[in-house]
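The values are calculated or read from the model by the stated rules, or taken from the named source; none is laboratory data. Quantities reported herein were computed from a predicted structural model and do not represent experimental measurements. Ideal geometry is used to build each Cβ from the backbone, glycine not excepted, and the neighbour counts take in all protein chains shown.
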Amino acid sequence: MTDCARVGPLSGIRVLDFGRFIAGPFCATLLGDLGAEVIRIERIDGGEDRWFTPVTDDGQGAMFLQVGRNKRCLTLNPLKPDGAQVLKRLVATADVVVANLPPKTLSAMGLDYESLKAIKSDIILTTVNAFASGGPYSDRLGFDALAQAMSGNLHLSGEAEQPTRAFVPYVDFSTAALSAFSTLAALRHRDQTGEGQVLEGALLKTALTMMNSTLIEQDVKKVDRVGTMNRGQWNGPSDVFRTQDGWIMCLAIGAQQFSRWCDMVGQPELMDDPRFTDDLARGDYGEALSNIMMTWCKSRTQDEVLSAMDDAKIPAGPVYSPQQALDDEHIQALNFLKAVDYPTAAQSIPTADFPVSMSASRAEIRHRAPMLGEHTDEILVELGYDAASIEDLRSRRVV
């Protein structure tokens with residue numbers, strides 16, 4: 001057995017990862033970072049998420065290299081009778097099953113909660129879907145961007161005439177984190193009661209959670225906000241501004257920061273302007289504040305602007321390209337993007353570590369993402385299969 005299961009607060013917990021793309025797999029990744037032994041169960045020819053955004057010589061995808069860390073990989077077709085038997089043996093050894101698959105697929109694969117519970121009475125099933133159970137859209141397929149769209153986020157991003165999604169799949173990653181958090185609670189519940197359970201994360205619920213304050217405002221005040229690109233609507237100045245040699249982001253919140261900003265741009269009289277009496281008013285008249293800041297910035301370099309704002313204690317930062325983010329001295333000093341080697345990659349992969357520092361518990365990248373089927377034989381031997389049986393299963397494409 002690899003060292004993936006031997007360190008960290010979840011050492012001794014076995015997780016079966018049937019997740020695809022991000023929400024399910026990254027949930028299992030976080031559990032693996034905390035020391036759980038995670039086994040990714042993958043289709044014989046590889047899941048489509050393995051090849052998405054290829055970056056290695058043999059086409060392994062960037063997202064897979066990130067969320068595949070700290071996992072072993074078993075290829076398996078559980079729809080074949082012998083594959084179903086392998087699955088049952090696996091489930092009998094597991095504590096948690098993670099699967100972001102449609103309910104009908106879960107049932108067909110024997111991964112529905114009742115089937116799992118019949119094998120292991122205290123099993124925890126962590127599921128993720130797009131739209132959650134209980135409504136007319138429950139059986140629909142969906143991805144991160146659809147949850148962004150239906151929560152109201154796209155409407156308020158971009159411009160009024162052009163709804164715009166967030167570039168990164170924040171709903172997927174947030175759903176994964178919430179699902180991992182809930183799985184830890186379910187493990188604690190099992191410790192206390194001996195009882196397993198089924199958990200359901202949903203992209204739409206996550207997106208609605210993140211939009212909740214905006215939805216509350218709309219329901220109570222019927223403000224009917226529309227997108228204003230990068231300009232904030234509840235405070236100001238809050239926007240992206242061009243300098244002589246780059247862009248910066250400025251966020252001034254509260255009277256003290258606004259007062260210091262007024263002094264910085266040489267217009268202290270703005271503090272007494274009735275348009276800017278509080279944060280909400282400054283958001284309502286944010287375009288005027290952005291125009292003032294835009295004029296002030298365009299005659300200065302990015303470093304000059306950021307230095308002045310730092311002196312004035314106004315939150316600000318540079319707008320980076322991905323390469324500039326990689327090159328930033330602070331990001332490099334954090335040593336958060338770990339250099340992880342992969343057999344078919346021309347260089348090490350800068351992989352984000354576990355995102356929360358802990359003073360006593362260990363959570364870290366201990367092992368690169370697995371090659372397709374890399375640990376199949378190893379895992380089958382652990383389940384009691386001999387070499388001849390494994391070769392037979394492989395010849396019939398069960399594994």
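For residue 378, state whether it is in contact with a strand residue (DSSP E or B) (Cβ under 9 Å, 6 or more places away or on another chain), surrounded by 12 or more Cβ atoms within 10 Å (Cβ to Cβ) and either among the hydroxyl-bearing types (Ser, Thr, Tyr) or not in a helix (DSSP H, G or I) (or both). Here the answer is no, as residue 378 does not meet what is asked. In the stretch 211-234, the residue that is surrounded by the fewest Cβ atoms within 10 Å (Cβ to Cβ) out of those that are hydroxyl-bearing (Ser, Thr, Tyr) and closer than 22 Å to residue 174 by Cβ is 213.
Results for (1) acidic (Asp, Glu); (2) more than 26 Å from residue 164 (Cα to Cα); (3) surrounded by 19 or more Cβ atoms within 10 Å (Cβ to Cβ); (4) not assigned by TED's automatic domain parsing to the domain that holds residue 157, shown as yes or no for each residue.
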site: 251; (1), (2), (3), (4): no, no, no, yes
site: 261; (1), (2), (3), (4): no, yes, yes, yes
site: 298; (1), (2), (3), (4): no, yes, no, yes
site: 312; (1), (2), (3), (4): no, yes, no, yes
site: 323; (1), (2), (3), (4): no, no, no, yes
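Is at least one residue of the stretch 41-54 assigned by TED's automatic domain parsing to the domain that holds residue 190 and farther than 30 Å from residue 353 by Cβ? The answer is yes; a qualifying residue exists. When the stretch 119-165 is filtered for residues that are crowded, with 20+ Cβ neighbours inside 10 Å and either in a strand (DSSP E or B) or of a type in the set (Ser, Thr, Tyr) (or both), the ones remaining, listed by number, are 124, 125, 126, 127, 128, 129, 151. Return yes when residue 87 is farther than 12 Å from residue 344 by Cβ and in a helix (DSSP H, G or I) and no when it is not. Taking the combined requirement at face value, the residue satisfies it. Looking only at the stretch 90-102, residues that are in a loop (DSSP other than H, G, I, E, B) and at pLDDT 95 or above come to 3 in all. The sole residue among 138, 133, 115, 107 that is over 25 Å from residue 371 (Cα atoms), touching a strand residue (DSSP E or B) at 6+ places or on another chain (Cβ under 7 Å) and either aliphatic (A, V, I, L, M) or in the same structural domain as residue 370 (by TED's automatic domain parsing) (or both) is 133. Residues in the stretch 191-200 include at least one that is outside any strand (DSSP E or B) and buried (at least 19 other Cβ atoms within 10 Å of the Cβ).
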